[in-house]
1. Scan the range 551-606 for residues that are in a strand (DSSP E or B) and open to solvent by less than 90 Å² (accessible area, probe 1.4 Å) and report the count.
2. Under 9 Å between Cβ atoms, at least 6 apart or on separate chains: pull out the pairs that start in the range 160-188 with a residue that is within 15 Å of residue 145 (Cβ to Cβ) and modelled with pLDDT under 90 and end on any residue that is basic (Lys, Arg) and not in a loop (DSSP other than H, G, I, E, B).
3. Mind checking which residues of the range 246-260 are touching a helix residue (DSSP H, G or I) at 6+ places or on another chain (Cβ under 8 Å) and open to solvent by 10 Å² or more (accessible area, probe 1.4 Å)?
4. With the requirement that a residue be of a type in the set (A, V, I, L, M, F, W, C), over 13 Å from residue 587 (Cα atoms) and under 40 Å from the mean Cα position of the chain (by Cα), what does the range 731-752 give you?
5. Testing residue 507 on (1) more than 29 Å from residue 350 (Cβ to Cβ); (2) modelled with pLDDT of 85 or more; (3) surrounded by fewer than 19 Cβ atoms within 10 Å (Cβ to Cβ), one condition comes back false. Which one is that?
6. Exactly one condition in (1) in contact (Cβ under 8 Å) with a residue 40 or more places away in the chain; (2) open to solvent by 70 Å² or more (accessible area, probe 1.4 Å) is not met by residue 533; state its number.
7. Checking residue 539 against (1) assigned to a loop (DSSP other than H, G, I, E, B); (2) within 17 Å of residue 342 (Cα to Cα); (3) open to solvent by less than 80 Å² (accessible area, probe 1.4 Å), which single condition isn't satisfied?
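The values are calculated or read from the model by the stated rules, or taken from the named source; none is laboratory data. Note that this is a predicted model, so its numbers are computed, not measured. Ideal geometry is used to build each Cβ from the backbone, glycine not excepted, and the neighbour counts take in all protein chains shown. Ligands, DNA and RNA are excluded from the accessible area calculation, which covers all protein heavy atoms including side chains. Shrake-Rupley method; radii C 1.70, N 1.55, O 1.52, S 1.80 Å.
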Amino acid sequence: MDSGSYATEEQPWDSTDAGNAQKFTLASPPGSVLAWWQLTVFVLLLFAWACHGAETSNIRKATQFSLSGDYVIGGLFSVHSKVLDLQDEAWQGPPSCTSFDAANYRLLLAMRFAIEQINNSSHLLPNITLGYEIHDICSDNLVAMRSALLFATAQPSGELGVEIRCNYTEHMPRVLAVIGPGSSEICIVLARIFSFFAIPQVSYSASNEILSDRARFPSFFRTIPSDKSQVYAIVQLVNHFRWNWVAALGTDDEYGRKGIESLTEMVLTTDVCIAYQAFLPVRLSKTESHQRLSMIVDGLLHSRVNVTVVFASETHLAPLIEALIERSVTEKVWIASADWSTAASIASITNISSLGNVIGFAFKSGKIDGFEEYVEHTLADRDSEVSDASLSGATDAQRCSECDSLTLTNISIFLDSNLFRKTFSTYTAVYTIAYALHRLLHCKTNSLHCDKEAQIYPWQLLVELAKVNITIGSQPVYFSKDGDLPVGYDLIMWDWRGRSHVPSFRVVGRYDAAQNSLQVNGDGIRWFTGSDEAPPSNCSQKCQPGQMKRVKEYNSCCYECESCPAGFFQNISDDPHRCTTCPTHQWSDEKSTECRDRTLEYPSWADAASILVAILTSLGLLLTAAIAVIFIWNRHTPAVHSAGCLPSLLMLFSLTCVCCSFYFFIGEPSLLQCRIRQPLFSGSFAICLSVLLSKSLKVSSMSLPRTCLCGTSYMYVSVLMNLCIQVGLCFSWYFWNPPVVVQNPNISASTLLVECQEGSLTGFGLLIVHNGLLAITCFMLNFMGRSPGKTYPTTRNITFSMLIYFIAWAFFIPVHVTSNGKNVPFFQVGSGLISVFGVLVAYFTPRCYIIMCRPELNVHLYFQSFRQETLSHPGDTSSADPGPKE
């Protein structure tokens, strides 16, 4: 490879020998990610040489603890959380740091303990001694970069600096691997440097999901899950307790911003709403931070949330907790991210229990045998601590003064085994490197031998590290393809029962990252309300079954509940957010979640109206039969002769058919019933009216010349002609739009009316109109055609029959048009019955009365006028008979 160009291999730790290069030339192909890495590191190397110069020994003073060994592991911990006068001292030596963090110092001790434990082991890396070089990065990016560049310097090296190469596969840095740091923001910066040199980096608490991008950070690993898994767990927790109105707070750094961003994106697919979100100040002055925190507290109170999710480190969270307590914010639920869910420094803040409940997720923990004793021994053995705290090889040894002043009393709060979560992650990180190195050196436990002469480069360790699959402290340890440890979280709840100041951290559930499932032990949770039910946190009260949400403004969690009206229901399983119309054959009450089948309704035979119709119809049939018998039995009497026996029997037959049609209006309609009843009803009435029309013509023709229109033959012609008209109208009606059986849903909400829909009202109306015209003609001929001074019984009877017909149908037409329901058919039946009884009573009953009760009037003299009328017509031979043929 040309020494004047960048290496084109996919990974910067390719084992191909690229040789050394003293000349740096930027000649990479456009778009190459590797070229950008090299450019970035080139700038950083220039920064390293700027720091180098005459201050070589001063930069080395960044080391807080060190131990020589065959292979050295670097450690980056924030033993202090603040840097003093960094701007003034940036290029002159290690900065001064303040705000000692005992919890992070515990992590440092965990790394030392793990390495010393491995060095004393005969099974892991036998005859190999691990060393360490630990730096305090003071929670600052710039300080951390100085340490990272120092780790990248060549070994052995009497001088600081990194030789510029095109390929760093054979570059042997000062450390073989790096543990830490814990901050995601700092890790993102340093991971680019370590990835360029292929130095394995294993973090114990940097959880930002950006670090899972293997294309950008190929040498980064962590012994915890990523924040993506944590956000999944938090969303499931919120859904489990049916909270949908929550606030989200995060520190104003990579960890907090990415956590809030991921949470906001994930809740978009749920019913949860972020009512308020804000970022906690990190780099503001004390006055500005106080103002910002006051605004955040105001926002929380104004949003009326009872549940707040907080992505923050314990260092930056403490001021917020103090501001909340100062403002008397009480009885809330705080969901803690893994970074502070078991933070003893936060739990020990005075009156923190007044805030309500703290529930959150913590990293999985395991047992670390002997660690507490190790810490006690380290703190007790002050002389040993002094030597360990000194810098080996430094002319002016710098020591951690706070470390020397630690006692069991002021660190005991951090030695609770429940807090050994980041501690366990740190301990695990060291062991993953040791096991990878164990495999790389082909160590044999039986012979207690490792290949000590093997030349090991960081990129080789990186390959083996990805294959690690071990068990530590009963916890499985392996890395996913993204370099994460997919083991999940413990659900932690702070419990003040039996404790006056610091709560215990009780495990009340588990989250399995592999299965993406949350298990909550509800019995182990004690809410500040004293109830077993979780306190609500909703913008609006939950709608009752049968109610839909009417969203107010723009927020889907703020809504009004509206009951589904009658005929609609809430389909809870398929579409609970709107009211669905019931199918036509079903119905529902207001505020229903299901539809019920409608009851079929029709004129049942058991109904009172149906019974009355059946009785009257049967009575009409009996009366018709009785009249027919009387007429047949007395067919030779003047009373029957005057009426005409055959025409009268034809009328009685037609009236019988009309009465029979009434039965088709009762019971559940069928298609046959619907198509028979109207033709039978109207056609039968047409026959009766046709006979009466022929009789009316006789009356009106008495003063006219003798014509053929007045004979019996014309009566049959009239009947046949009008019957043909009825048949023609029915045929046209049934051809275009015949009657059908329908289920009418518009009558009642709970019933379906089974009825005959007449199809075309025009067709049905024409049948009624035709009969009406026949009746009007009969009436006019009888009423207007009488001769003055003469009395015609037949004329009088027909006139009264037609008057009754007019009254009945004048009542039927408007009622039929304006009414609906199952009783509508009875209006037509009623009008028909009135018409039938009108003809029977007004036309036939007087003659039956004379025949049965007044036989003295059943003589030719009484019916003389009518006989004179009939004698003028030779076509009726029976009327010319001078007397009975007895």
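1. Taking the range 551-606 as the starting set, the residues that turn out to be in a strand (DSSP E or B) are 551, 559-563, 568-571, 575-581, 586-587, 596-597, 599-601.
Going one step further and asking which of them are open to solvent by less than 90 Å² (accessible area, probe 1.4 Å), we end up with 551, 559, 561-563, 568-571, 575-576, 579-581, 586-587, 599-601.
Counting residues in the range 551-606 that are in a strand (DSSP E or B) and open to solvent by less than 90 Å² (accessible area, probe 1.4 Å) gives 19.
2. 160/60
3. 253, 254, 255, 258, listed by residue number.
4. Answer for the range 731-752, where residues must be of a type in the set (A, V, I, L, M, F, W, C), over 13 Å from residue 587 (Cα atoms) and under 40 Å from the mean Cα position of the chain (by Cα): just 742.
5. The one condition residue 507 does not meet is (1).
6. That leaves (1) as the condition not met.
7. It is condition (2) that residue 539 fails.
Every residue, every condition in (1) surrounded by fewer than 23 Cβ atoms within 10 Å (Cβ to Cβ); (2) more than 26 Å from residue 739 (Cα to Cα); (3) at pLDDT 85 or above, yes or no:
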| position | (1), (2), (3) |
| --- | --- |
| 632 | yes, yes, yes |
| 658 | no, no, yes |
| 684 | no, no, yes |
| 711 | yes, yes, no |
